[in-house]
Amino acid sequence: MVNTKISRRDFHKSTVLGAASLAMSAGPMVRNVVGANDRISIGLIGAGGMGQGDLRDMLRTGQVDCLAVADPYVPNRDTAIMLTNGAAKGYNDFRELLDRKDIDAVIIATPDHWHAIPMIMACQAGKDVYVEKPLSHTLVEGRHMVQAAEKYNRVVQVGTQQRSGAHFQKVVELVRGGSIGKVTLAETWIHGNEYPVGLECQPDTQAPPWFDYNLWLGPAPDRPYKQVRTLRTFRWFWDYSGGILTDWGTHLLDIVNWAMGVEAPRTISAMGGKYVLDDCRETPDTLDVTYEYPASPVSGKDFLVRFSNRVANSHGPDGHGYGIQFYGTDGTLFVDRDGYTLWPEATRVGPDRVANHNVIHGEGSSQHYPHVVNFLDCVRSRQKPHSDVATMHRSTSVGLLGDISYKLGRKLTWDAEREQFPDDAEANKLLTKEYRKPWGLI
Ligand SMILES: NC(=O)c1ccc[n+]([C@@H]2O[C@H](COP(=O)([O-])OP(=O)(O)OC[C@H]3O[C@@H](n4cnc5c(N)ncnc54)[C@H](O)[C@@H]3O)[C@@H](O)[C@H]2O)c1
């Protein structure tokens, strides 16, 4: 293994500022480079549901040794350590994990408000990164993350694992190859029904002694502890997440961007509200977003993209609870994690249209395990992984833009090249957020 040293001054000059008293402590920073046959030493930051899932598949490859697990919630940290048969050392504070020179790569599976800071710090510390989706909590964070990966020459895979599924790759081929003609609309949706209970409204209380709630909050505003705002259900609160539009929406909208060969919408129009669920969540129970996209290189035409989420009715198009459906001049193509179906349009024969019953079905394929394997391959080869950080910044941005339109209650125009809403100071303000000191992006 070859280590290239970068100076401590360089490290401190760059992007992230942690608590001065807890700043990265030991020696000079290193950039790790893994040889073709080396085992890869990893650390896990954020050991909840997805962190454990990511770790399981990493271990299953037989190519990694997990040396460390950082999580401010002790039960999750301990469970992840058990998955390593006790081999990993536990940390409360991820900065101590990043200080270790023997770790080549990290998994970051923290809540969304805690993706950018450890990811950028990991890049600065010379580690490659597997960071969960959505890439970031704000658009500005996402851009900083792209820059950090480039500056420190790091391999970064984002956890949009559908990109590694063979049947999703096939669907992209079908759309790009013109199998359904010119696509005028792509619909995405995720629906469920939590009515009437929803999320329990709990009184403020004290966090248990096995939970460092202050570190869990990190850059988020200080608030009294309520369990429901933290583990797993954080995604229904704006301080920690973009709601379901960035949670599931990133997975779904990413496939549309990919298949259509586009990066960003031209306009965004979101509507919805908390109409029937009288619970403690902040995000809407009903949401509809319509995006106007500029011409796709696939069709040469503009097209629309829709995202819809319902939390109080579970029915979706053709009975699917979630999915992606492309509507083209020659056919309709549905895909979810279990497979795809292509229904051709009726064939034009002279002045008539004749029904075409040649429906094509494709089986689902494994996604998460090949995604992890692709990351490890790229750590060795230094190639771009399937869900590289720059592309996933764009895919994550689609959901984040929808959230901004929803919060402002109006249609927005987006300049993707400048990453700005032209002449719209109110909307541009929402491209970033306040960070609770001492955390922040600088
Ligand atoms: N790729 C996928 O399909 C997929 C599926 C589920 C979740 N996710 C993503 O994974 C992330 C985590 O989601 P989850 O459902 O596992 O949430 P979770 O609440 O179960 O787990 C998050 C863990 O991060 C820990 N954490 C918080 N702050 C931390 C810090 N500063 N340092 C270290 N650990 C910290 C929490 O204590 C918790 O154990 C989210 O961004 C989510 O969007 C991805």
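The values are calculated or read from the model by the stated rules, or taken from the named source; none is laboratory data. From a predicted model like this one, the values you see are computed outputs, not experimental measurements. For neighbour counting, all protein chains shown are included, and Cβ atoms are generated from backbone atoms with ideal geometry for every residue, glycine included. These area figures cover heavy atoms from the full protein model, side chains too; ligands, DNA and RNA do not enter into them. Shrake-Rupley method; radii C 1.70, N 1.55, O 1.52, S 1.80 Å.
Brief remarks on what is shown
- Pair list, Cβ < 9 Å and 6+ apart or interchain, from the range 68-83 residues that are in the same structural domain as residue 214 (by TED's automatic domain parsing) and part of a helix (DSSP H, G or I) to residues that are of a type in the set (A, V, I, L, M) and open to solvent by less than 20 Å² (accessible area, probe 1.4 Å): none
- Among (1) open to solvent by 60 Å² or more (accessible area, probe 1.4 Å); (2) of a type in the set (Ser, Thr, Tyr); (3) in contact (Cβ under 8 Å) with a residue 12 or more places away in the chain, the one test that residue 347 misses: (3)
- Scanning the range 96-124 for residues that are outside any helix (DSSP H, G or I) and closer than 16 Å to residue 438 by Cβ yields a total of 0.
- You will find that of 290, 283, the residue that is closer than 25 Å to residue 194 by Cα, buried (at least 19 other Cβ atoms within 10 Å of the Cβ), in contact with a helix residue (DSSP H, G or I) (Cβ under 6 Å, 6 or more places away or on another chain) and of a type outside the set (Lys, Arg) is 283 and no other.
- Yes/no for residue 309 being among the polar types (S, T, N, Q), assigned by TED's automatic domain parsing to the domain that holds residue 282, touching a strand residue (DSSP E or B) at 6+ places or on another chain (Cβ under 8 Å) and open to solvent by less than 30 Å² (accessible area, probe 1.4 Å): yes
- Any hit, the range 87-100, residues being touching an Asp or Glu at 6+ places or on another chain (Cβ under 8 Å), at pLDDT 95 or above and open to solvent by less than 10 Å² (accessible area, probe 1.4 Å): no
- Cross-chain or 6+ apart pairs with Cβ under 7 Å, the range 207-230 first and under 11 Å from residue 439 (Cβ atoms) and modelled with pLDDT of 95 or more, then open to solvent by less than 50 Å² (accessible area, probe 1.4 Å) and in a strand (DSSP E or B): 219/440
- Any hit, the range 47-58, residues being open to solvent by 50 Å² or more (accessible area, probe 1.4 Å), among the aliphatic types (A, V, I, L, M) and within 11 Å of the ligand (Cβ to nearest atom): yes
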